[in-house]
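The block underneath contains the structure these notes are about, expressed in structure tokens.
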Amino acid sequence: MGWKETYTTWKNHASLDEHVKKDFLQIENDEKALEDAFYKPLEFGTAGMRGVIGAGINRMNVYTVRQATEGLARFIEAQGEEAKQRGVAIAYDSRHFSPEFAMEAAKTLGAHGIKAYVFESLRPTPELSFAVRHLNAVSGIMVTASHNPPEYNGYKVYGEDGGQLPPKEADALTRYVRDVEDVLSIEAADEEELKEKGLLEIIGSEVDEAYLEEMKAVTVDPELVQRMGDKVKVVYTPLHGTGKMLGERALAQAGFTQVVLVPEQAEPDADFSTVKSPNPEDPEAFEYAIRVGKEEDADILIATDPDADRLGMAVKVAEGQYEVLTGNQIAGLMLYYILSAREKTNTLPKKGAVVKSIVSSEMATAIADKVDVKVFNVLTGFKFIAEKIKQFETDNSYEYLFGFEESYGYMVKPFVRDKDAIQALVLAAEMAASFKEQGDTCFDVLCDLYHEYGHFEEKTISVTLPGMEGAEKINQLMAQLREEAPNQFGNIEVKEVEDYKLSIRTKEDGTEETIDMPSADVLKYMMQDGSWIAVRPSGTEPKIKFYIGAYDDSGVSAKEKLQAFETSLREIVKTVE
């Protein structure tokens with residue numbers, strides 16, 4: 001069926017949802033908009049789905065949410081009656097239609113006799129990850145579009161371990177979702193009937209308290225916090241999202257009393273009215289926090305994204321001046337603090353492990369190597385970090401100490417199996433308190449790390465290529481890079497090429513090795529000087545991402561290399577634009 005036929009079917013549907021109908025009226029005279037909304041189903045992949053809210057099979061609406069949940073219900077049914085009884089935990093963030101989409105998911109599960117535990121109000125993604133384990137649920141759903149603009153929403157699925165589904169299970173679920181053909185006729189049960197039958201349970205404070213109890217273990221040095229908890233000043237903004245509810249309580253519980261919330265951004269707001277994008281990766285998101293920071297003479301400024309799984313940070317560089325750090329810099333500081341604090345307290349294990357994604361900074365490796373802590377690299381996605389933790393727990397080979405991704409995601413303690421900005425918030429405050437006690441700022445310590453280990457400069461470039469044409473261009477570019485592998489970037493020779501789709505590492509002399517990781521559409525180029533570049537299409541958005549890691553003893557030289565690498569990559573993109 002072509003997009004016009006699909007569009008006509010939707011338009012003529014007898015009882016179309018009122019919000020979907022309203023969107024139809026706005027786009028019905030725009031053929032290009034209609035084509036984009038109906039030319040293909042919204043992509044459901046290993047990270048779930050994410051898209052613009054509106055009418056159509058390529059949009060987030062009650063019908064595509066039901067479709068995804070119908071697929072999940074069939075996936076759970078295939079696991080047997082016990083899986084159905086264990087049920088599914090469901091949480092949602094502050095976005096438009098998040099509560100409605102969460103309840104539609106619960107009602108769709110209920111039609112299959114599968115119990116749903118739905119939070120009474122918005123909650124952070126990490127609490128959903130925790131709730132799956134806490135409730136012994138078979139799965140979890142998080143309704144969120146993370147840090148995307150306000151017109152987006154999304155849907156993420158979690159496995160029984162509290163992590164997002166690994167590739168094998170995600171592929172199986174995706175097949176079930178794609179097998180659901182008539183999205184307009186999926187059954188959704190009545191909410192009140194489900195409650196009467198015990199198939200819908202509203203949850204809240206009991207899970208909050210259990211999560212906060214686990215949070216106590218995140219503090220590395222309680223005695224330090226006792227000494228410094230009232231001396232370090234933290235400015236915190238949840239960027240209109242879910243972070244305030246647990247973040248404020250977690251900081252107070254840990255012992256930090258000098259916490260100032262950015263008042264204009266403290267409460268949930270689906271329009272994210274004070275920022276262009278509610279993304280702590282974007283320095284512009286810190287505009288209000290910096291203003292408050294200057295007024296309060298704060299030591300650090302912290303921002304979390306709408307679903308509170310990512311955390312950004314700005315640090316004092318001089319009186320009244322703050323610098324926004326990258327995710328890699330934050331992770332480097334956090335890792336250095338954890339390892340040095342545990343060394344001081346004699347709690348550093350003999351076989352400690354740090355887990356990071358293949359596109360994250362190598363500074364972590366340098367810091368960990370110094371104290372004989374092993375660094376494991378995994379594919380992008382915290383589900384792979386969660387898998388590694390599960391392996392450590394199963395074979396007792398290593399003790400997990402810290403995990404991170406360059407995209408501002410960190411996890412300290414594995415009672416959660418996804419990135420957790422609430423944990424990171426408390427750790428960042430403790431880290432700043434420790435450095436302050438020794439007479440340093442976070443920025444001072446970062447400079448010391450560069451002096452000791454060399455300068456690591458990283459940058460992520462996202463190129464958006466929307467629509468059907470964009471998807472073709474992204475595929476063309478990846479094919480082109482595989483067929484004609486570049487032998488240098490910015491005049492630096494390529495030493496090795498890692499193709500994670502083919503699971504092959506090609507060395508300088510042409511010999512090949514097998515990469516022992518799941519298949520993924522990623523290419524990584526290792527340079528002669530220790531720098532690297534990786535290329536990866538996004539799994540949930542019409543983007544292709546380029547990750548750059550430049551290394552040099554000199555900060556100036558590292559920045560120059562970074563610029564040269566970026567220029568080379570921009571030239572490559574031009575070949576398909």
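Length gain on complete extension for the stretch E513 to E483, per 0.36 nm per residue less the alpha carbon to alpha carbon distance? All intermediate terms of the calculation are to be shown ahead of the outcome.
On the way: separation 30, 0.36 × 30 = 10.80 nm, distance 1.84 nm.
Value of the extension gain: 9.0 nm.
Working with all protein chains in place, sort L34, L502 by solvent-accessible area computed with a 1.4 Å probe, largest first.
Values: L34 10, L502 105 Å².
Reading off the accessible areas and sorting them downward yields L502, L34.
Return the whole-Å distance between the Cα centroid of the range 314-349 and the Cα centroid of the range 227-250.
Measuring centre to centre over Cα atoms gives 17 Å.
Return the distance in nm (one decimal) between the two label points of a simple spin-label model at S121 and R570, each offset 7 Å from Cα along Cα→Cβ.
4.7
Quick one: dipole size for the range 418-577, taken about the Cα centre, charges +1 on Lys/Arg Cβ and -1 on Asp/Glu Cβ, in debye to the nearest 20.
Working: 17 positive and 32 negative charges, 118 e Å.
Roughly 560 debye, rounded to the nearest 20.
Between S94, S185, G162, whose Cα lies farthest towards the positive end of the dipole of the range 91-187 when Lys and Arg beta carbons carry +1 and Asp and Glu beta carbons carry -1, centred on the Cα centre?
Most positive-ward Cα: G162.
How much accessible surface does E192 have with a 1.4 Å probe, in Å² rounded to 10?
In the full protein context, E192 sits at about 100 Å².
Any idea which of I358, L325, V373 is furthest toward the positive side of the dipole for the range 297-408, if Lys and Arg beta-carbons carry +1 and Asp and Glu beta-carbons -1?
Among I358, L325, V373, the one farthest towards the positive end of the dipole of the range 297-408 is V373.
Given 0.36 nm per residue, what is the gain on full extension from E295 to Q253 after removing their alpha carbon distance, in nm? Please report the intermediate quantities before stating the final value.
Working: separation 42, 0.36 × 42 = 15.12 nm, distance 2.52 nm.
Extra length from E295 to Q253 when fully extended: 12.6 nm.
T144's amide H: which non-local residues (gap 5+, or another chain) put their own amide H closer than 5 Å, with H modeled 1.01 Å from N in plane and none for Pro or chain starts?
So T144 has HN proximity to G154, Y155, K156.
Quick one: how many Å² of S519 are accessible to a 1.4 Å probe, rounded to 10?
Rounded to the nearest 10, the figure is 80 Å².
Among residues other than Y408 whose Cβ falls under 11 Å from its Cβ, what is the net charge (Lys/Arg +1, Asp/Glu -1)? Spell out each step's value before the answer.
Values: positive: R310, K419; negative: E281, D282, D305, D309, E405, E406.
Local net charge: -4.
Quick one: how many lysine pairs does the range 182-292 have with C-alpha atoms less than 29 Å apart and a gap of 8 or more or different chains? Give me the count, please.
Values: K216/K231; K216/K233; K216/K244; K231/K244; K233/K244; K233/K276; K244/K276.
For the range 182-292, the number of qualifying lysine pairs is 7.
Under a point-charge model restricted to the Cβ atoms of Lys and Arg (+1) and Asp and Glu (-1), what is the dipole moment magnitude of the chain relative to its Cα centre, in debye to the nearest 20?
Working: 63 positive and 102 negative charges, 106 e Å.
In debye, rounded to 20, the chain gives about 500.
For every helix of n ≥ 4 consecutive DSSP H residues, a contribution of -39,500 (n - 2.57) applies; sum these over the chain, divide by its total residues, and give [θ] at 222 nm rounded to the nearest 500 deg cm²/dmol. Don't jump to the answer; show the numbers that get you there.
Working: 20 runs with 237 residues, N = 577.
Result for the chain, helices only: -12500 deg cm²/dmol.
Work out the charge dipole of the chain with +1 on the Cβ of Lys and Arg and -1 on the Cβ of Asp and Glu about the Cα centre, then indicate which of T6, Y117, T511 is farthest towards its positive end.
It is T511.
Would you grab the residues whose amide H sits under 5 Å from the one on R310? Only those 5+ places off in sequence or on another chain, please, with H modelled 1.01 Å from N.
Sorted by chain and number, the residues that satisfy this are D305, A421.
Write down the percent of antiparallel bridges among all DSSP beta bridges whose residues are both part of the chain, to the nearest 5.
Values: 55 of 85 bridges.
Of the beta bridges lying entirely in the chain, close to 65 percent run antiparallel.
May I ask you to derive the relative contact order of the range 198-274, considering only C-alpha pairs under 8 Å and at least 6 residues apart, and to give it as an integer percent? All intermediate terms of the calculation are to be shown ahead of the outcome.
Details: 67 pairs, mean separation 26.0, N = 77.
Answer for the range 198-274 is 34 percent.
Using the beta-carbon distance between K501 and D230 and R0 = 56 Å, what value does 1/(1 + (r/R0)^6) give for FRET efficiency, to the nearest 0.05?
So, using R0 = 56 Å, E works out to roughly 0.60.
For the range 205-286, what % of the accessible area comes from carbon and sulfur atoms, probe 1.4 Å?
On the way: 1650 of 3470 Å².
For the range 205-286, the apolar C and S fraction of the accessible surface comes to 48 percent.
Where does the range 275-321 land on Rg/Rh, using Cα atoms and the Kirkwood Rh? Before the final figure, lay out the partial values.
Details: Rg = 10.6 Å, Rh = 10.9 Å.
Answer for the range 275-321: 0.97.
Students often get this wrong: which residues of the range 406-426 have the backbone nitrogen under 14 Å from the point 7 angstrom along Cα-to-C-beta of E214?
Those under the cut-off are 411-424.
Assign unit charges at the C-beta atoms only (+1 for Lys and Arg, -1 for Asp and Glu), then state the dipole size of the range 1-62 relative to its Cα centre in Debye, rounded to the nearest 20. Please report the intermediate quantities before stating the final value.
Details: 8 positive and 10 negative charges, 23 e Å.
I would put it at about 120 debye.
Relative to the present Cα-Cα distance, how much length would full extension add between L25 and K374 at 0.36 nm per residue of separation? Spell out each step's value before the answer.
Numbers: separation 349, 0.36 × 349 = 125.64 nm, distance 5.72 nm.
Result: 119.9 nm gained on full extension.
Kirkwood hydrodynamic radius, computed over distinct alpha-carbon pairs, for the chain: how many Å, to one decimal? List each step's numbers first, then the result.
Values: mean 1/r = 0.0406 Å⁻¹.
About 24.7 Å, per the Kirkwood formula over Cα pairs.
Take the cross-link list K316/K344; K351/K390; K356/K459 and give me the ones stretching past 21 Å between alpha-carbons. Mind showing how you got there, number by number?
Numbers: K316/K344 26 Å; K351/K390 16 Å; K356/K459 16 Å.
Distance filter (> 21 Å) returns K316/K344.
For Q563, what charge total do you get from the other residues with a beta carbon under 14 Å from its beta carbon, if Lys and Arg give +1 and Asp and Glu give -1? All intermediate terms of the calculation are to be shown ahead of the outcome.
Working: positive: K459, K559, K561, R570; negative: E457, E458, D552, E560, E566, E571.
Summing Lys and Arg as +1 and Asp and Glu as -1 gives -2.
Leaving out same-chain residues fewer than 8 places away, which aspartates and glutamates sit with a Cα under 12 Å from that of K4?
Here the aspartates and glutamates satisfying the reach criterion relative to K4 are E28, E31, E35, D36.
I'd like to check one number: the per residue accessible area of the chain, probe 1.4 Å, reported in Å² as a whole number.
Values: 23370 Å² over 577 residues.
So the chain comes to 41 Å² accessible per residue, rounded to a whole number.
Using Cα pairs under 8 angstrom and six or more residues apart, how large is the relative contact order of the chain, in percent? Spell out each step's value before the answer.
Details: 1190 pairs, mean separation 67.7, N = 577.
Dividing the mean separation by the residue count of the chain yields 12 percent.
Over the range 51-134, what is the relative contact order in whole percent, taking alpha-carbon pairs under 8 Å and six or more residues apart?
Relative contact order, the range 51-134: 30 percent.
Based on the mean of other Cβ atoms within 10 Å per residue, sort peptides 434-445, 14-25 so the most packed one is first.
On the way: 434-445: 17.4, 14-25: 13.5.
So the peptides 434-445, 14-25, ranked by packing, come out 434-445, 14-25.
Treating cross-link reach as a plain straight distance, find the aspartates and glutamates whose alpha-carbon is under 20 Å from the alpha-carbon of K294, omitting any fewer than eight places away in the same chain.
K294 reaches D230, E264, D282, E284, E319, E323, D440, D444.
Near K11, which lysines are there with a Cα under 22 Å away, not counting those fewer than 8 places off in the same chain?
K21, K22, K32, K40
The values are calculated or read from the model by the stated rules, or taken from the named source; none is laboratory data. Just so it is clear, the model here is predicted, and its values are computed rather than measured. Cβ sites come from the backbone with ideal geometry, for glycine too, and all protein chains shown count toward neighbours. Calculation scope for accessible area: heavy atoms of the full protein, side chains included, ligands and nucleic acids excluded. Shrake-Rupley method; radii C 1.70, N 1.55, O 1.52, S 1.80 Å.
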